Amino acid sequence: MPEQSPFDLAEGDPFGPHTLPYGVFSTADAPALRRLGVRYGRHVLDLGALPDALPGVVPAPHAALLTAATLNPLLAAGRPVWQQVHAAVRTALTDPAHRTAVAPLLRPLDGLTLHLPFEVADYVDFYSSEHHATNVGRIFRPDGAALPPNWKHLPIGYHGRAGTVVVSGTPVVRPHGQRKTPADAAPLFGPSTRLDIEAEVGFVVGTPSALHAPVGLAAFRDHVFGVCLVNDWSARDIQAWEYVPLGPFLGKSFATSVSAWITPLDAFDAARTAPPTRDVPALPYLDDTAAEPGGLDLRIEVRLNGEVISRPPFAAMYWTAAQQLAHMTVNGASLRTGDLYASGTVSGPEPDQLGCLLELTQGKGPYLQDDDEITLTAWAPGPDGARIGLGEVTGRVLPAREFPASDPA
């Protein structure tokens with residue numbers, strides 16, 4: 001039986017010509033050399049080699065961007081360049097006249113090592129699912145209001161640690177920290193016993209902005225390059241003790257896993273949808289009633305050790321990515337190329353649509369055990385019945401590391 005051509009994709013493959021996500025890879029014969037690639041089915045197109053293989057298909061001024069070891073130079077080039085490069089890649093992969101030249105540039109995905117696709121500048125995590133925020137509020141404040149008083153007036157968020165954003169497949173070591181239950185006379189120190197996940201969607205900033213120049217809703221597409229899946233790991237016991245009166249710190253900063261593939265924002269045009277009906281009017285800078293639909297119909301699946309435990313719907317998110325970007329910069333904060341911001345835990349109204357173990361177990365556990373593996377996948381409807389894929393995010397929990405005898409125990 002003849003070997004199947006890399007151009008012949010399986011029916012319904014979510015990484016077809018309408019998706020074409022970007023990543024960074026290396027090969028076994030040159031592990032130190034990182035190259036830009038675009039995923040096509042179960043193969044990866046070597047972008048750096050494309051201009052020489054197909055002279056003129058990639059505009060000459062942009063060819064150098066494709067030989068970088070990270071996506072950041074391409075991200076910084078701006079939306080017109082993103083569109084031109086993406087159009088060139090699609091032409092290279094779909095025009096039969098180019099198959100002979102392009103075929104040697106397609107490498108089997110299974111033989112590659114994937115890396116963090118961009119250098120993360122800043123990281124912001126939001127709290128934008130009304131279902132999640134309400135569920136968590138009821139768990140933590142059973143006798144009080146589920147939502148804080150500001151929740152429907154602004155997208156609540158906090159700044160995380162860019163240095164602990166890791167690519168899918170990177171193991172997650174159980175963190176140490178302080179924890180205290182109401183029954184404890186004093187805080188204890190040790191490994192987290194309530195390690196959790198947060199199924200989220202991330203947005204990668206390409207074009208920077210000037211300091212003191214807010215980015216309005218209409219400029220969202222000019223600044224955001226693409227979309228990825230995010231698992232923002234959470235140590236609930238550490239977080240519960242430290243987050244009053246401020247926000248998450250050590251309970252969240254030990255690891256944030258992201259996909260190895262960044263899907264261009266424009267690939268989700270067919271998945272745009274109106275956000276849920278809001279019962280509190282937004283202030284003008286957040287008012288999107290006259291804007292293009294800001295929601296995205298992404299269908300997420302969460303697996304624990306191979307078993308599906310939840311299917312959170314991103315279309316149910318109260319605050320959109322455009323509103324998050326507008327709020328993040330309304331005080332004059334600037335954007336930098338490589339900024340990453342995440343949606344916050346995605347949860348829906350049904351019991352099988354909850355995006356973290358805290359909600360799935362009503363705060364009672366069990367939480368993650370050592371050697372547990374979590375995998376997030378997602379897809380969105382594309383044009384003509386196609387599916388738009390988001391690269392998976394996988395992480396396995398490793399035991400906490402021993403502290404030296406001189407350190408607290």
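The values are calculated or read from the model by the stated rules, or taken from the named source; none is laboratory data. Note that the coordinates shown come from a computational prediction; the quantities given were computed from them, not determined experimentally. Note that each Cβ is placed from the backbone with ideal geometry, even for glycine, and that neighbours are counted across all protein chains shown. In case anyone asks, the SASA skips ligands and DNA or RNA and just uses the protein heavy atoms, side chains included. Shrake-Rupley method; radii C 1.70, N 1.55, O 1.52, S 1.80 Å.
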From the option list Val38, Val58, Val44, single residue qualifying as modelled with pLDDT under 95, of a type in the set (A, V, I, L, M, F, W, C) and in contact with a Leu (Cβ under 9 Å, 6 or more places away or on another chain) is Val58
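Considering region 357-394 alone, what residues qualify as being aliphatic (A, V, I, L, M) and either surrounded by fewer than 19 Cβ atoms within 10 Å (Cβ to Cβ) or more than 21 Å from Pro21 (Cα to Cα) (or both)? Reasoning before the result, please.
Going through region 357-394, the residues aliphatic (A, V, I, L, M) turn out to be 357-358, 360, 368, 374, 376, 378, 380, 386, 388, 390, 393.
If the condition is that a residue be aliphatic (A, V, I, L, M) and either surrounded by fewer than 19 Cβ atoms within 10 Å (Cβ to Cβ) or more than 21 Å from Pro21 (Cα to Cα) (or both), then Leu357, Leu358, Leu360, Leu368, Ile374 are the ones that fit.
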Those residues of region 322-356 which are part of a helix (DSSP H, G or I), open to solvent by 10 Å² or more (accessible area, probe 1.4 Å) and hydrophobic (A, V, I, L, M, F, W, C) amount to Ala322, Met328
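In the set Thr91, Thr134, which member is among the β-branched types (Val, Ile, Thr), more than 27 Å from Val204 (Cβ to Cβ) and assigned to a helix (DSSP H, G or I)?
Details: Thr91 fails: more than 27 Å from Val204 (Cβ to Cβ).
Matching residue, one of Thr91, Thr134: Thr134.
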Among (1) in contact with a His (Cβ under 9 Å, 6 or more places away or on another chain); (2) buried (at least 19 other Cβ atoms within 10 Å of the Cβ), Asp122 falls short only on (2)
Selection status of Leu54, within 30 Å of Gly382 (Cβ to Cβ) and open to solvent by less than 10 Å² (accessible area, probe 1.4 Å):
no
(1) open to solvent by 10 Å² or more (accessible area, probe 1.4 Å); (2) of a type in the set (A, V, I, L, M); (3) assigned to a helix (DSSP H, G or I) all hold for Ile238 apart from (1)
**Prompt:** Out of all the residues in region 23-43, is one or more open to solvent by less than 40 Å² (accessible area, probe 1.4 Å), assigned to a loop (DSSP other than H, G, I, E, B) and closer than 17 Å to Ile262 by Cβ?
**Reply:** no
task = Tell me, yes or no, whether region 395-409 has at least one residue that is part of a strand (DSSP E or B) and either open to solvent by 70 Å² or more (accessible area, probe 1.4 Å) or free of Cβ contacts under 8 Å to residues at least 24 places away in the same chain (or both).
result = yes
